[in-house]
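To start, the structure itself, in structure tokens.
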Amino acid sequence: MITNNKFAKSVGVKVKDNSKYRDIAMDLQQDDAPRGTSLHGGTTNHDIKVSYDEGAIMNSLRNIFTTTPGEKVLNPSFGVNLTRWLFEPCNDFTARELAETILAGIETFEPRVSVKTVQVIANKMQNEYIIKLVITIPSLSIIEKTYDAILNQPGFDFLTETTL
Amino acid sequence: MTDEFSDYSLPSTAYTTFDAESLKQVIIQRLRDEGSFTDQVYEGSNMSAFIDVIAYSYHILMYYLNRTSAESIFSESTIYENINRIVKLLNYSPIGYQTSTLSFDANSTDELPPGPYTIPRYTYVRSNDITYSFVKDASFTKNTQLNEPLPIVGKQHLLFEGEWTEHRPMLAFGEEFEIHQIIPSSTDSNIDHFNIHVYVLDSQTGKYYEYTEVPSVYVAGPEDRVFEKRLNETRSYEIKFGNGVTGARLQPGDQIQTYYLKSTNDKTVVGPDFLNDLKLAMYSTPTFSKIRQDTQPENIKYINFDEIQSVYLTNDRRAEASQPAETVEDIKEKAPLFFTSRDRLVTTNDYQTYMQRNFGNVIKDTIVVQNLDFVDGHLKYLSEDIGLSYPNLESRVMHNHLPFASTTTYNNIYIYAVPSTEEIMSTTSASRFLSEAQKKAMITSIESNKMISHEPVMMDPVYMLAGPCVSVPGETQSPELVNNTNIKVVKTLRSSRDTDALKQEVVETIYTYFTTVKLGQLVNIRELVDNILNIQGVDTINTCRTDIDMETEGLSLAVWNPVYQTDFTITSQNIELPYYKYVTFNDISNLFNKIEIIETTANSNNYTVTAQPGSTTTVPNTTNIDTTGTTNTSY
């Protein structure tokens with residue numbers, strides 16, 4: 001949706017009209033689709049890459065899990081510090097605490113999704129936690145989406161995603 | 001012109017209310033209107049993180065923009081460089097560091113033949129790397145072949161801490177209002193604000209001329225060899241010359257030679273007898289020798305290296321402490337007053353500001369009054385309160401009037417000043433009074449700015465003493481009562497504070513209060529009592545007699561004139577002193593021994609207190625304070 005505003009017309013980003021959520025992609029990549037030629041011709045301009053719908057929500061989830069409270073300058077309460085659990089003994093008790101932290105984080109900071117289950121398995125041999133997150137996204141009519149993630153020494157990262 | 005930006009639905013003054021949060025909301029709203037992105041409203045989105053960073057960055061930038069704007073306003077400025085530039089508009093030149101000064105007496109031995117002599121400027125004495133220097137030529141005449149005191153030297157001159165330093169020569173360009181900057185040889189030393197001398201070697205005649213400092217070159221004539229000095233925003237001194245219309249203009253090739261008094265140690269305050277046994281040494285450099293020769297008045301005979309060995313100095317007073325350069329707060333306070341007075345001494349406030357500004361290193365406090373206030377105040381006090389038949393013949397009044405005042409007193413301006421060396425422990429020391437040389441220097445300085453009809457007279461304050469005191473009705477009131485009165489401090493129940501530490505803190509509280517008093521100040525006994533009661537472990541404070549069984553609640557003080565003891569008042573209420581009185585605490589070095597610390601134990605009606613050595617005393621609780629301000633105690 002582009003408004004009639006003159007300024008918006010001039011610099012607005014071309015986006016998919018049928019998308020519901022749009023966020024800039026994490027690494028500020030150029031979009032694959034060319035925006036048009038520059039004034040003097042020759043080169044082709046690209047917009048910033050945009051994350052749409054589930055991608056935008058995944059950005060948000062990743063930011064929630066990888067941000068330590070205090071890091072976001074205008075909202076110091078934002079984020080859950082998942083990496084702090086790595087300094088606790090790797091056991092089922094910690095895994096439960098971790099699961100509750102993830103659940104609370106999503107409920108607090110991501111109103112677009114509702115969590116069905118959070119499963120955290122402590123891999124004591126590798127000192128890591130395998131996380132399985134099952135959510136629904138009502139606004140996108142996604143009944144169940146499963147994310148597999150890992151929390152280990154390098155930090156938190158999503159592994160795979162499965163959509164029903 | 002529309003009130004809104006063309007593309008934004010914001011009033012043009014909206015920026016005045018921007019902070020990080022509001023900026024963030026503006027950006028979110030803007031993105032929402034624009035419609036490309038949607039996730040700016042979710043705190044977890046990448047967009048939100050970017051917005052936070054941008055809003056916060058602008059917030060910081062706007063903060064500094066505000067600070068910068070505020071710094072250009074006189075009342076808001078907090079940085080020295082800025083306030084220095086701002087007050088330049090008012091033609092206010094901030095005062096820099098003022099070095100320590102020393103009053104002295106000069107004597108000559110029988111080896112010096114009779115005759116007129118002049119000790120050249122910059123002559124100095126040095127001991128243990130501490131140097132005190134003359135800042136101008138000091139002339140005297142020796143009349144006999146004998147050892148002879150030279151009072152005129154001591155009365156008219158002061159020694160200034162520091163040594164004279166020759167600045168590297170600077171070449172003139174011949175520009176209008178040419179400005180040169182003095183860059184000291186080392187950055188860790190201080191230049192005395194009032195001792196920068198300028199000489200110019202005329203490229204035509206090959207002769208040095210002395211240039212005189214003036215407040216502004218704009219009031220000088222076209223041929224006047226004058227300069228204007230200013231401590232600039234980088235804390236360097238700028239020397240400004242005239243343009244040939246107001247103040248003589250430098251010619252291309254003229255050589256500017258400046259000398260400044262460089263203080264070696266800003267904490268140097270030498271004591272009495274520092275000068276004894278020290279030899280005077282004459283300042284000498286090839287350039288200065290030429291300058292001295294070129295600028296020597298015809299009727300002056302400079303003393304030579306051999307003759308100066310027959311002149312020696314003594315000092316029975318310690319030096320006055322140095323004064324740091326004006327701070328931002330000082331400048332803000334004094335610049336408007338200076339601007340109001342337009343560098344002229346007309347009102348008593350003008351005099352007061354001038355004294356504090358120019359003699360901050362010599363005086364601790366000053367009050368200036370006109371003749372009517374003097375007659376109604378100080379003179380009336382001497383004649384009516386003290387009962388002197390001829391108050392003008394009172395020694396301190398005589399001492400002050402004779403050297404300075406004319407026969408009539410209508411236009412007298414009385415400047416009361418407390419020297420900065422005033423010692424709280426001494427009651428009769430000479431250090432409580434400004435020396436004649438100091439008074440002379442002040443009067444001389446005032447002369448050029450005062451109204452022509454004014455006759456300034458330096459006055460010594462009436463020094464009053466205060467001490468704990470309580471008396472029974474009918475008792476003769478004298479300072480003897482103070483010797484027999486102690487301060488009793490009752491400790492709070494179960495306080496574990498050490499007795500000596502508590503005593504010491506009480507002493508320090510009283511000492512601090514009396515070191516900050518000013519001329520004509522309200523002696524606020526209630527505030528002092530509150531300060532003592534605020535000490536941890538102090539429950540109550542009483543004043544008690546040691547020779548009889550008598551005690552009163554709170555602090556009862558006697559305030560008296562140690563010279564004329566008929567002026568003796570006992571009170572536990574606040575006392576407002578007149579402008580000519582300055583109070584110090586009596587025998588403060590012994591105050592520690594006059595404080596008793598009492599341990600408390602709970603009792604039903606009265607509280608029983610146990611004195612330190614083990615004796616038991618019951619504190620009467622029947623003290624009444626009547627409305628007249630005196631304290632009565634029932635027994």
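Rule-based calculations on the coordinates, nothing more; no lab input. None of the values given here were measured: they were computed from a predicted structure. Don't worry about glycine lacking a Cβ; one is built from the backbone with ideal geometry, like all the others, and counts go over all protein chains shown.
Inter-label distance, A:THR160 to B:GLU576: 9.1 nm, where each label sits 7 Å from its Cα along the C-beta direction.
Just want the ordering: B:ILE303, B:ILE130, from fewest to most Cβ atoms lying within 10 Å of their own Cβ. Walk me through the numbers on the way to the answer.
Working: B:ILE303 24, B:ILE130 18.
In increasing order of surrounding Cβ atoms, one gets B:ILE130, B:ILE303.
In a fully extended conformation the segment linking B:ILE73 and B:LYS518 would gain 157.0 nm over its present Cα-Cα distance, using 0.36 nm per residue.
Our coupling estimate for the stretch B:329-338, obtained by passing each phi through the Karplus curve with A = 6.51, B = -1.76, C = 1.60 and θ = phi - 60°, is 5, 4, 5, 4, 6, 8, 4, x, 5, 5 Hz, Gly and Pro reported as x. Under 5 Å from the amide H of A:GLU128 lie the amide H atoms of A:ASN123, each residue being 5 or more positions distant or on a separate chain, with H modelled from the backbone and absent for Pro and chain starts.
Derived scalar couplings between HN and Hα for the stretch B:487-502 equal 9, 9, 10, 8, 6, 5, 4, 6, 6, 9, 5, 5, 4, 5, 5, 5 Hz in order, rounded to whole Hz, by the Karplus curve 6.51 cos²θ - 1.76 cosθ + 1.60 (θ = phi - 60°), x for Gly and Pro. Neighbour counts of other Cβ atoms within 10 Å put B:SER100, B:SER395, B:SER133 in the fewest-to-most order B:SER395, B:SER133, B:SER100. Tell me the trypsin sites (Lys or Arg not before Pro) within the stretch B:469-574 that lie in a loop according to DSSP and have at most 10 other beta-carbon atoms within 10 Å. Taking the stretch B:469-574 and a limit of 10 other Cβ atoms within 10 Å, the loop trypsin sites (Lys or Arg not before Pro) found are B:ARG494. Work out the FRET efficiency for B:GLU527 and B:LEU393 from their Cβ-Cβ distance, taking R0 = 41 Å, and round it to the nearest 0.05. Computed FRET efficiency for B:GLU527 and B:LEU393: 0.60. FRET efficiency for the B:SER185 to B:GLN251 pair, using the beta carbon distance and R₀ = 25 Å, is estimated at 0.35.
Counted by neighbouring Cβ atoms within 10 Å, the residues B:THR141, A:THR68 run from fewest to most as B:THR141, A:THR68.
Ignoring aspartates and glutamates fewer than eight residues from B:LYS142 along the same chain, the ones with Cα atoms less than 15 angstrom from its Cα are B:ASP105, B:ASP110, B:GLU111, B:GLU307. For B:LYS332, the lysines whose Cα comes closer than 22 Å to its Cα, not counting residues fewer than 8 places off in the same chain, are B:LYS88, B:LYS229, B:LYS364, B:LYS518. Taking amide H positions as modeled 1.01 Å from N, with prolines and chain starts lacking one, the residues under 5 Å from B:MET550 and 5 or more places away or on another chain are B:ARG545. The spacing between the stretch B:27-53 and the stretch B:180-221, judged by their C-alpha centroids, is 64 Å.
The alpha-carbon of A:LYS72 sits under 17 angstrom from the alpha-carbons of these lysines, leaving out residues fewer than 8 places away in its chain: B:LYS24. Around the Cα centre of chain B, unit charges on the Cβ atoms of Lys, Arg, Asp and Glu (plus for the first two, minus for the last two) sum to a dipole of about 940 debye. Amide hydrogen proximity for B:LEU171: with H placed 1.01 Å from N in the peptide plane, the residues at 5 or more positions away or on another chain lying under 5 Å are B:ILE256. Take B:ASP273 and A:SER77, extend 7 Å from each Cα along the Cα→Cβ direction, and tell me the distance between the two endpoints in nm. That separation, rounded to one decimal, is 7.4 nm. Listed values for the stretch B:82-90 are Karplus-derived 3J(HN,Hα) couplings in whole Hz (6.51 cos²θ - 1.76 cosθ + 1.60, θ = phi - 60°), namely 6, 5, 4, 6, 5, 6, 4, 5, 8, and x replaces Gly and Pro.
What full-extension length gain, to one decimal in nm, is calculated for B:ASN143 and B:VAL328 as 0.36 nm per residue of separation minus the Cα-Cα distance? Show your work: numbers first, answer last.
Values: separation 185, 0.36 × 185 = 66.60 nm, distance 5.18 nm.
Net length gain for the segment: 61.4 nm.
For the stretch B:57-87 versus the stretch A:84-160, the spacing of their alpha-carbon centroids is 50 Å.
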